[in-house]
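The values are calculated or read from the model by the stated rules, or taken from the named source; none is laboratory data. Everything numeric here is computed off the predicted structure, so don't read it as measured data. Glycine gets a Cβ as well: all are built from the backbone with ideal geometry, and neighbour counts include every protein chain shown.
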Amino acid sequence: MFGIRKRMRASSQKLHAHMARLAAPYVAKARERLRLDERIGAANQWASDHPKRFFGYVIGVSVVILALTIIMGFHTPKPRQPEVSPRVSSGGDVGAVISGMREVHAGKAAINETVMRAKEMGDLIKHELDSLNSLPVKSRQDSIDIRHKGKQLERIIKLFEQHEKD
């Protein structure tokens, strides 16, 4: 699972870097046309000349943003959560839900048991394969066994990859 996350993050970073390279000339033109560097310099000069006013403005804007956020939080409708109420009067609904949950749990337990058995089998096959590969002189039967156990190990690895995707 971690491999997928790393690949997705790398792909996202690659895409963002490509977009930044494509946008760089346009950003440079906009900075030049709007004279952003001059304006930023002038604003920094004013802030260093008037530190108390600048501090007051920063605190004032921060308080206004906080107040608006709190006010908007009270006025936005809260998402409705579905009401979950067991129907005791009908009797069968709760039992059906519980039995369904037990079936799902049993299915997960069976899958985990299969994966654990496959892991143990994979370890055994890998050990046997390493032993066969370490032989200095191999017979025809040894070569056939190496190929057969290698294919078994590949199938087990595919099972793990499929389990990781799910």
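Of all residue pairs spaced 6 or more apart or on separate chains, those with beta-carbon atoms under 9 Å, a first member in segment 105-119 that is under 23 Å from LEU153 (Cβ atoms) and a second member that is surrounded by 10 or more Cβ atoms within 10 Å (Cβ to Cβ) and of a type in the set (A, V, I, L, M) are THR114/LEU159; VAL115/LEU159; ALA118/ILE156; ALA118/LEU159; LYS119/ILE156. MET72 meets all of the listed conditions (1) surrounded by 10 or more Cβ atoms within 10 Å (Cβ to Cβ); (2) modelled with pLDDT under 95 but one, namely (1). Just so you know, in segment 111-166 the residues that are outside any helix (DSSP H, G or I) and hydroxyl-bearing (Ser, Thr, Tyr) include one that is surrounded by the fewest Cβ atoms within 10 Å (Cβ to Cβ), and it is SER134.
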